[in-house]
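Here's the structure, in structure tokens; my notes come after.
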Amino acid sequence: DFALFQFLGAVGKEFGLNQNSALTSEKILTVFRQLETSEGYSFWSKLKEVCQRCAQQQVNLYIDAEYSHLQSIVRTLTLALMKIGPRGVNFVIYNTYQCYLKDCQNHLLEDLQIAKDLHFSNWGCKLVQSTLDIAANFPLK
């Protein structure tokens, strides 16, 4: 976990990502290119490996930022992973959108536009209504 937090902090600092960061296709491409060409982001190669293994096994990948102050960084990295995700394979990368946060709708719309602009065929979203598990309130019958 410590290595992950170091990686997220370094990415956030280098690219000026914070809770109020608006994302664009150009920003995602900039982050992606930097991660792909820099030796300083060894954790990126681990994330790519997880993504590639999930795609090979046709297992969807769900990504969630547990800490709201890391959400913009995790969102950026998730979109960057979608850039390398294989096309034409039964594989989707899901980013979690926390609907109880005031910027959720803006983030969702931004990400939909990025997915459209960059032709992501593997974009998915998981909507979370509250911090409590909603499924617990609606048991399957």
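The values are calculated or read from the model by the stated rules, or taken from the named source; none is laboratory data. Remember, predicted model here, so these are calculated numbers, not experimental data. All Cβ positions, glycine included, derive from the backbone under ideal geometry; neighbour counts span all protein chains shown. The protein model used for the area step is the full one, side chains on, heavy atoms only, and it has no ligands, DNA or RNA in it. Shrake-Rupley method; radii C 1.70, N 1.55, O 1.52, S 1.80 Å.
In percent, how large is the relative contact order of the range 10-107, given Cα pairs closer than 8 Å and 6 or more residues apart?
Relative contact order for the range 10-107 comes out at 34 percent.
Using the heavy atoms of the protein chains and a 1.4 angstrom probe, tell me the accessible area per residue for the chain in square angstrom.
61 Å²
If 36, 110, 14 are ordered by their accessible area, calculated over protein heavy atoms with a 1.4 Å probe, which sequence runs from highest to lowest? Don't jump to the answer; show the numbers that get you there.
On the way: 36 75, 110 45, 14 100 Å².
Most to least solvent-accessible, the answer reads 14, 36, 110.
So for each of 27-34, 73-80, 4-11 I average, over its residues, the number of other beta carbons within 10 Å; can you give me the resulting order with the highest mean first? Write out the running numbers ahead of the final one.
Working: 27-34: 17.9, 73-80: 23.6, 4-11: 15.1.
My ranking of the peptides, most packed first, is 73-80, 27-34, 4-11.
For residue 45, what accessible area in Å² do you get when you roll a 1.4 Å probe over the heavy atoms of the protein chains, rounding to the nearest 10?
Approximately 60 Å² for this residue.
Within the chain, what is the number of lysine pairs with alpha carbons under 30 Å apart, leaving out pairs fewer than eight places apart on the same chain?
Here the count comes out as 26.
So what is the calculated 222 nm ellipticity per residue for the chain, using -39500 (n - 2.57) for each DSSP H run with n of 4 or more, over all residues, to the nearest 500 deg cm²/dmol? All intermediate terms of the calculation are to be shown ahead of the outcome.
Working: 5 runs with 71 residues, N = 141.
One gets -16500 deg cm²/dmol as the mean residue ellipticity at 222 nm.
Please state, rounded to one decimal and in Å, the Kirkwood hydrodynamic radius that the chain gives when every pair of distinct Cα atoms enters the mean of 1/r. Don't skip to the end; give the middle numbers.
Details: mean 1/r = 0.0635 Å⁻¹.
About 15.7 Å for the chain.
Roll a 1.4 angstrom probe over the protein heavy atoms and tell me the percent of accessible area of the range 44-99 that is carbon or sulfur. Intermediate values should be presented prior to the final figure.
Values: 1270 of 2700 Å².
Summing carbon and sulfur atoms, their accessible area is 47 percent of the total for the range 44-99.
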